[in-house]
Amino acid sequence: MNLHEYQGKEILASFGVRIQRGVVAHSAKEAVTAAKQLTAETGTGWHVIKAQVHAGGRGKGGGVKLAKNLQEVEDLAGQIIGMNLVTPQTSAEGKKVHQVLVAEDVYYPGDSETSEFYMSVLLNRATGRNMIMYSTEGGMDIEEVAEKTPHLIFTEEIDPATGLLPFQARRVAFNLGLSGGAFKEMVKFVSSLYKAYQESDASLFEINPVLKTSDDKIMAVDAKVSIDNNALYRRKQYAEMRDLREESPIEVEAGALGLNYVDLDGNVGCMVNGAGLAMATMDLIKMAGGEPANFLDVGGTADAKRVEEAFRIILKDPNVKAILINIFGGIVRCDRVAQGVVDAYKNMGDEINVPIIVRLQGTNAELAKEIIDNSGLEVHSAVQFQEAADKVKEVLG
């Protein structure tokens with residue numbers, strides 16, 4: 001589950017990480033009130049207006065602006081709130097901005113002694129260990145740094161038996177070229193950041209940039225945070241931070257129905273039981289010349305009601321030209337799935353306007369094929385993987 005910048009900073013601050021302070025505003029008037037509050041608390045005269053959307057590269061899309069007085073705060077907040085922000089990480093339509101973060105300006109005018117770093121904490125899936133990735137090239141896309149100057153990216157892997165050790169935090173500060181007060185501040189920053197990552201059950205904490213001020217303070221100027229969905233049951237305070245407006249409406253609806261659904265860009269809808277079979281089915285569609293339109297795992301209870309719900313979710317995508325149902329009858333019997341498909345098809349009537357290929361393999365697969373073939377409906381049955389691929393190719397023309 002992705003969080004907004006201001007939410008990620010709230011978590012960081014709760015673990016003792018120094019952050020660029022800010023106040024969320026939902027209108028231009030609220031932004032002015034927020035700016036006045038920040039001026040009273042921090043003494044800042046300038047403010048940074050930041051669009052709050054789940055996407056990186058906001059500055060490149062015009063979603064981050066510097067306001068030098070209260071009138072500019074109001075004008076810039078008014079321009080950003082309600083805009084469709086297009087960044088390198090959004091679709092061509094962009095994302096609508098519902099709120100902004102009015103933040104203190106932490107860059108002192110004319111100050112050449114500040115430094116920006118990149119730092120993230122995430123899981124290295126190759127080793128099964130958490131790691132801290134960091135670089136002296138803060139404020140830039142880490143992908144660009146990795147491509148052009150890979151020697152400027154460092155990693156520190158954490159042994160799960162010991163956790164982050166003090167010498168590792170010191171090595172991070174040393175590799176970033178820090179000394180004196182800034183060195184000590186960075187050691188504290190790294191330790192607190194890793195604690196925040198671990199104790200919030202996060203899958204990612206990315207701070208870009210981490211700022212060293214001229215008076216040797218180390219702070220998070222930005223925060224990209226993802227919380228592991230599987231841990232939300234024990235992190236209810238973070239689950240309440242979920243912003244459904246930032247997610248695909250179809251995926252939200254599918255989740256409410258208990259369906260594991262991921263929206264993709266293709267033309268063949270998938271209805272499968274089991275994540276592994278779903279991945280193999282998407283490969284099958286690619287080999288047949290199509291493109292998967294979704295990942296949809298109906299689980300082990302593919303009855304008529306669940307199949308009908310899955311049909312309705314898939315058909316919300318106007319790009320779907322065919323649907324491939326690929327079910328392995330282990331826990332659930334194939335004949336029950338086949339009857340569920342037939343009943344759902346009859347219930348939906350004219351709503352189903354694309355060809356459907358059904359491959360059922362496992363318990364009572366032969367009986368299931370008979371049910372499909374004798375239904376009189378526009379449903380193509382298949383037994384073998386290759387047969388299903390051929391039928392996908394056939395219906396796509």
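Step by step: find N for the range 188-343, compute 2.2 N^0.38 Å, then divide the Cα radius of gyration by it. What's the final number?
The value comes to 1.39.
Tell me, how many Å apart are the Cα centres for the range 229-292 and for the range 191-213?
What the calculation gives is 27 Å, centre to centre.
Hey, in the GNM for the chain with a 10 angstrom Cα cutoff, which one of Ala126, Ala196, Ala40 fluctuates hardest?
Ala126
In angstroms, what radius of gyration and Dmax does the chain have, counting Cα atoms only?
According to the Cα coordinates of the chain, Rg and Dmax are 25.8, 80 Å.
Whole number please: convex hull volume per residue, Cα atoms of the range 156-275, in Å³. Write down the numbers at each step before the final one.
On the way: hull volume 21.3 nm³, N = 120.
Spelled out: Cα convex hull of the range 156-275, divided by residues, is 178 Å³.
Can you list the DSSP H helices in the chain whose Cα atoms extend at least 27 Å along the helix axis and whose mean Kyte-Doolittle hydropathy is -0.5 or higher?
Numbers: long enough: 180-199 (29 Å, -0.20).
Sorted by number, the helices that extend far enough and score high enough are 180-199.
Magnitude of the Cβ-charge dipole of the chain, K/R +1 and D/E -1, about the Cα centre, nearest 20 debye? Mind showing how you got there, number by number?
On the way: 41 positive and 55 negative charges, 163 e Å.
Taking the Cα centre of the chain as origin, the dipole is about 780 debye.
Using a basic spin-label model with each label point 7 Å from the Cα along Cα→Cβ, how many nm lie between Glu41 and Phe167?
4.1 nm
Can you find, among Gln71, Val97, Gly43, the residue farthest towards the positive end of the dipole of the range 22-100? Put +1 on the C-beta of Lys and Arg, -1 on that of Asp and Glu.
Val97
Tell me, what is the FRET efficiency for Glu366 and Asp215 to the nearest 0.05, using R0 = 56 angstrom and their Cβ-Cβ distance as r? Don't skip to the end; give the middle numbers.
Details: r = 77 Å, r/R0 = 1.38.
The formula returns an efficiency of 0.15 here.
Over the range 1-152, what per residue volume does the convex hull of the Cα atoms give, in whole Å³?
On the way: hull volume 22.5 nm³, N = 152.
That works out to 148 Å³ per residue.
Cα atoms only: what Rg and Dmax, in Å, come out for the range 21-105?
Every Cα atom of the range 21-105 included, Rg and Dmax give 12.2, 40 Å.
Divide by every residue of the chain the summed helix terms, -39500 (n - 2.57) for each DSSP H run of at least 4, and state the resulting mean residue ellipticity at 222 nm, rounded to the nearest 500 deg cm²/dmol. Intermediate values should be presented prior to the final figure.
On the way: 13 runs with 146 residues, N = 397.
When only DSSP H runs of four or more count, the value is -11000 deg cm²/dmol.
Which value, in debye to the nearest 20, gives the size of the charge dipole of the range 259-397 about its Cα centre, when Lys and Arg are +1 and Asp and Glu are -1 at the Cβ?
Details: 13 positive and 20 negative charges, 32 e Å.
Here the size comes out at about 160 debye.
Quick one: if you stick a label point 7 Å off each Cα along the C-beta vector at Ala280 and Leu70, how many nm between them?
With each label point 7 Å from Cα toward Cβ, the separation is 6.7 nm.
Specify the residue with the greatest mean-square fluctuation among Thr39, Thr162, Thr114, computed from a Gaussian network of the chain linking alpha-carbon atoms under 10 Å apart.
Residue with maximal mean-square fluctuation among Thr39, Thr162, Thr114: Thr162.
Alpha carbon centre of the range 330-360 versus the range 126-150: separation in Å?
For the range 330-360 versus the range 126-150, the Cα centre distance is 47 Å.
For the residue pair Phe174 and Asp159, what label-to-label distance in nm results when each label sits 7 Å from Cα along the Cα-to-beta-carbon direction?
About 1.7 nm separates the two model spin labels.
With 10 angstrom as the radius, rank Tyr107, Tyr197, Tyr233 by how many other C-beta atoms surround their C-beta, starting from the fewest.
Details: Tyr107 16, Tyr197 25, Tyr233 8.
Listed from fewest to most nearby Cβ atoms, that is Tyr233, Tyr107, Tyr197.
Which entries of Lys9/Lys29; Lys96/Lys286; Lys212/Lys236; Lys9/Lys95 have Cα-Cα distances beyond 27 Å here? Don't jump to the answer; show the numbers that get you there.
Values: Lys9/Lys29 23 Å; Lys96/Lys286 33 Å; Lys212/Lys236 33 Å; Lys9/Lys95 21 Å.
Going by Cα-Cα distance, Lys96/Lys286; Lys212/Lys236 fall outside the 27 Å limit.
Work out the length of the dipole vector of the range 298-348 about its Cα centre, built from +1 on the beta-carbon of each Lys and Arg and -1 on the beta-carbon of each Asp and Glu, and round it to the nearest 20 debye.
Numbers: 8 positive and 6 negative charges, 10 e Å.
With Lys and Arg at +1 and Asp and Glu at -1, about 40 debye.
If you take the Cα Rg of the range 1-43 and divide it by 2.2 N^0.38 Å, with N the number of residues, what do you get?
Working: Rg = 11.8 Å, N = 43, 2.2 N^0.38 = 9.2 Å.
After normalising by residue count via 2.2 N^0.38 Å, the value is 1.28.
Every number here is computed from the coordinates shown, using simple stated rules; none is lab data. Since the model is a prediction, treat every value here as computed from it, not as a measurement. Cβ atoms come from the backbone with ideal geometry, glycine included; neighbour counts cover every protein chain shown.
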